[in-house]
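Report on the structure given below.
The values are calculated or read from the model by the stated rules, or taken from the named source; none is laboratory data. Here the structure is a predicted model, which means the values were calculated and not measured. For neighbour counting, all protein chains shown are included, and Cβ atoms are generated from backbone atoms with ideal geometry for every residue, glycine included.
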Ligand code: AHM
Ligand code: MG
């Protein structure tokens, strides 16, 4: 039997003696360890009194109802990153950047608990992260370090807290899947250089919003629904968990496309997902797995952010299908 590769050994080999890479390795190790604790909290579910309850009356920075668990997850990530070379943390749950280590050389954007609106239904939720280099001499305003196109990311990934706790990670050299071994406590490399199949017959979208969409998206879905006799000449299947980490992991496993378009409703003009915390890291992982990610018109990783909490229409997954969707725009 070949020897197991743990996250620790993988990162040790990847980083070598490179100080920049060692910083990234420390940060990812800290996030993965925090994730194990968050997974435990999530698994305690209704036994952990009040965690799934809505917190106060104020929504979070992005305008969503905030669950107690969103806040606890953010606190866990923050505490874990404090001893690492992370200068600032940008979180979906916090209005402003959170200063961590003044000597740090990274900025990290996180969605501490993606899918938390589903927390009481026992589906997978997760933590998404995006890592960018930070240089105090260049980024005199730290926000400018985060407000860069996703192509500047040095690493990104997400943890999904499901039947297994998994980590899907990229360091710019392909996309790897690690699985948390509950017996040893290690994250073990389970799949290397993930490849999302280019073609698919499976899409994921909140189809109940169809009447609000603009023509390109409703036209695409109508053509899928027409099946074998329609213009696409094949029958499609739909899967939608409504928790992006779960939908993304399915796509990294067997292909498919995830679609969250903008629509006509107030507050949904750019869909629901955030560019910095969700679209950029997922797009980086997707491209590293030979898939594609777009807002319909522009490659996600090329988009110049205009606000740290900005939303963006998001289409990602199987390359040929993403290109097909873009052709409707
Ligand atoms: P969140 O970060 O507040 O959980 O919101 C993002 C989530 C995604 O996980 C999911 O894909 C989407 O919102 C679901 O939207 P909808 O409720 O329209 O199905
Ligand atoms: Mg979230």
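Miscellaneous remarks
- Cβ pairs under 8 Å, 6+ apart, first in the range 258-269 and touching a residue at least 60 places away in the same chain (Cβ under 8 Å), second within 10 Å of ligand 1 (Cβ to nearest atom): 259/204; 259/205; 259/314; 267/63
- Condition broken by residue 123, with the remaining ones in (1) within 16 Å of ligand 2 (Cβ to nearest atom); (2) surrounded by fewer than 17 Cβ atoms within 10 Å (Cβ to Cβ); (3) modelled with pLDDT of 90 or more; (4) farther than 26 Å from residue 247 by Cβ satisfied: (4)
- Residue match in the range 134-154 (condition: away from ligand 2 (no atom under 16 Å from the Cβ), in contact (Cβ under 8 Å) with a residue 60 or more places away in the chain and assigned to a strand (DSSP E or B)): no
- So residue 103, is it within 11 Å of ligand 2 (Cβ to nearest atom), without any contact (Cβ under 8 Å) to a residue 40 or more places away in the chain and assigned to a loop (DSSP other than H, G, I, E, B): no
Condition check ((1) on the phi > 0 side of the Ramachandran plot; (2) under 18 Å from the mean Cα position of the chain (by Cα)) across all residues:
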{"position": "264", "(1), (2)": "no, no"}
{"position": "275", "(1), (2)": "no, yes"}
{"position": "284", "(1), (2)": "no, yes"}
{"position": "290", "(1), (2)": "yes, yes"}
{"position": "293", "(1), (2)": "no, yes"}
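- Single condition residue 65 does not satisfy, out of (1) modelled with pLDDT of 95 or more; (2) within 13 Å of ligand 2 (Cβ to nearest atom); (3) more than 17 Å from residue 48 (Cβ to Cβ): (1)
- Whichever residue in the range 219-229 is buried (at least 17 other Cβ atoms within 10 Å of the Cβ) and away from ligand 1 (no atom under 16 Å from the Cβ) and, among such residues, is farthest from residue 328 (Cα to Cα): 224
- Of the residues making up the range 235-246, those that are surrounded by 13 or more Cβ atoms within 10 Å (Cβ to Cβ) and without any contact (Cβ under 8 Å) to a residue 40 or more places away in the chain number 5.
- Any hit, the range 254-268, residues being within 14 Å of ligand 1 (Cβ to nearest atom) and farther than 19 Å from residue 316 by Cβ: yes
- Filter result for the condition that a residue is more than 17 Å from residue 318 (Cβ to Cβ), touching a helix residue (DSSP H, G or I) at 6+ places or on another chain (Cβ under 9 Å) and crowded, with 20+ Cβ neighbours inside 10 Å, over 207, 176: 176
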